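The values are calculated or read from the model by the stated rules, or taken from the named source; none is laboratory data. Keep in mind it's a predicted model, so treat the numbers as computed, not measured. So basically every Cβ, Gly included, is an ideal-geometry build from the backbone, and we count neighbours across all protein chains shown. Heads up: the accessible areas ignore ligands, DNA and RNA and are worked out on the full protein's heavy atoms, side chains in. Shrake-Rupley method; radii C 1.70, N 1.55, O 1.52, S 1.80 Å.
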Amino acid sequence: MEMNWNCGSRHGHERQTPVRFRRFSLIQRNRSILGVAALTLLNLAHASAQDSTIRAVQNIFDPLSAPAEILYRISLLVLATCAIIFLVVAGLLTYAIIRYRRKGGADDLEEPPQVYGSAAIELAWTVPPILIVVVLVLVTARTIGEIQKPKLPNDAEQVRIIGHRFWWEVRYPKYDVVTADEIHVPLSDRSKRIATEFVLESADVIHGFWVPQLNGKTMLVPNHTNTMWVEPYKTGIYLGNCTVLCGAQHANMLIRVVVDTPERYQQWLNEQKATPADDQSVEEGKRQFIANSCGACHDIGGTNAKGVFGPDLTHFASRQTLGSGVAANNEENLRSWLQDPQVLKPGCLMPNMKLGDKQVQSILAYLRTLK
Ligand code: CUA
C-alpha cells in the first residue's frame, strides 16, 4: 500500500537530495494517486479499514472540523464587512473624483459649499464605523470564547503533543499509548459529538501546530501548556506543518492527523497498546539496536531501550512516514536513514551512527517487524 507521504513542502530540499530519492519520490507520488483512488474504492467495501484520503488543503476556506468552521464563519463575516466598506468608500471616492473634477472657467472661481461643523455629516462618518467596530468586537469575543474555552463533551479524548526539533511526540495518557508524528483521532458526528483535545507542549524551542482544515494555529511554548481541540467531520489523513521557524529542519516537521471512525480508532489504540510480538528471526537486529546505544534516545516497549530524546519506536513499522514526514516509511528510505539520517534530513538531531552494512541490514529488519 503506497501512500502520499508529503504535502509538497519538500521541494526546497530536493537540491540536497540524492538523485535516486528524487526519482523515487516522483514515482511514489504518481503511484500514490492510484493508490488513494484504489483504497477509496476498497474502503467503500470495508468500512473499518483506514481511510487514506489525503487532505492536504492548506486552506482555511475548506474547514472539515467544528473549530475550523467557527473560524471560517467569522472570517467570511469580516471579509464581507470589509468588502462592503471598500465598495462604499471606493464608490464615493470615484463619484467625487468624476463629479467634482476641475471644469475650468467660472467654476474655478466659485467656493464649494462650506460644511464645517455640520452635525449631520459628523455623525454620519463617526456613528456607523463605531457600530461596525462594536459588532465585530462582540462577534470576535464570542468566537474567541468558543474556540479557547469550548464546552467539550465529558468523554472528549485527550492527546498530549510535544514539539521537538524536528518531530512530534504524541501521547494518549488515558490509554498509555506513545507514538510520534502521526496523530490518530476519532471522527465526530454533528448529532453525537466526539471531540479531541490537544494539550500542546514543547521540549526545546517554540514550535507551531497548524492543520488548517481542523483548527487555527497554536504555539507550543517551552514551560507552558496550550490547548486546542478538533472535532473532524470527515475521515482521512490531514496534513499540516510546524509554523514557527525552529531550526534547520523546521520545514520537514510535518504533521499528519489521521481521522478514523471510532471503531477503527479503538482498534488502532489496541494495536498501539500491545507490545510488538517477539520475532526470533530478527533477534540479531534487536541485539544490534541495544548494542549501538540506539536505546539511549529511542524507546521500544518490551525492551531495555528506554530513551526519550528521539521518537518512540515501539510501533515504528505501523507508521506511514519516517523523519516526521520527510520520507515514506519503506525499506529503501529506512536503509538510507540508518546509514546516515543526514542524507534524508540534513540538520536533524540524529547523528550518523556509522553502522556497517550488516548492522544496518539487521536493525532494518528488526524495525520493520515493529508493527
Ligand atoms: Cu518546529 Cu518549526
Computed ³J(HN,Hα) along region 268-278: with the Karplus parameters 6.51/-1.76/1.60, θ = phi - 60°, integer Hz and x for glycine or proline, the list is 4, 4, 4, 4, 6, 5, 5, 7, x, 4, 6
FRET efficiency, 1/(1 + (r/R0)^6) with R0 41 Å, evaluated for ALA90 and LYS192 via beta carbons: 0.30
Check: region 78-179 dipole with +1 on Lys, Arg Cβ and -1 on Asp, Glu Cβ, in debye: 380
Residue-ordered couplings for region 103-119, obtained by feeding phi - 60° into the Karplus form 6.51 cos²θ - 1.76 cosθ + 1.60 and rounding to whole Hz (Gly and Pro as x), are 10, x, x, 5, 4, 5, 9, 7, 8, x, x, 8, 10, 4, x, 6, 4
Say each of VAL308 and VAL135 gets a label point 7 Å from the Cα, pointing the same way as Cα to Cβ; how far apart are those two points in nm? 5.2
Charge dipole of region 51-149 built from unit charges on the beta carbon (Lys, Arg +1; Asp, Glu -1), centred at mean Cα; most positive-end Cα among ALA119, LEU79, ILE60 is ILE60
Compare the peptides 98-109, 147-158, 54-65 by average per-residue count of other Cβ atoms within 10 angstrom and give them in order, highest first. 54-65, 147-158, 98-109
I'd like to check one number: the per residue accessible area of the chain, probe 1.4 Å, reported in Å² as a whole number. 54
Whole-number percent relative contact order across region 254-371, with pairs defined as alpha carbons under 8 Å at least 6 apart: 28
Quick note, region 317-371: a/c under 1.5 would make it rounded; otherwise a/b > b/c is prolate and the rest oblate (a ≥ b ≥ c, C-alpha gyration tensor); here it is oblate
Taking region 165-196, which trypsin sites (Lys or Arg not before Pro) meet the DSSP loop condition and have no more than 14 other C-beta atoms within 10 Å? LYS174, ARG190, LYS192, ARG193
Name the shape class, rounded, prolate or oblate, that the alpha-carbon gyration tensor gives for region 240-320, where a ≥ b ≥ c are the square roots of its eigenvalues, rounded holds for a/c under 1.5, and otherwise prolate holds if a/b is larger than b/c and oblate otherwise. oblate
Computed about the Cα centre, the charge dipole of the chain from +1 Lys/Arg and -1 Asp/Glu charges at the Cβ has a magnitude in debye, to the nearest 20, of 560
Quick check on the chain: what are the equivalent-ellipsoid semi-axes from the Cα gyration tensor, as sqrt(5λ), descending, whole Å? 52, 24, 20
Need the full-extension length gain, ASP108 to SER293, defined as separation in residues times 0.36 nm minus the C-alpha distance. One decimal, nm. 57.7 nm
Taking a ≥ b ≥ c as the square roots of the eigenvalues of the Cα gyration tensor of region 73-117, is the shape rounded (a/c under 1.5), prolate (a/b larger than b/c) or oblate? oblate
The chain - percent of accessible surface contributed by carbon and sulfur, probe 1.4 Å: 62
Interchain or long-range residues, amide H under 5 Å from LEU349's placed H: PHE166
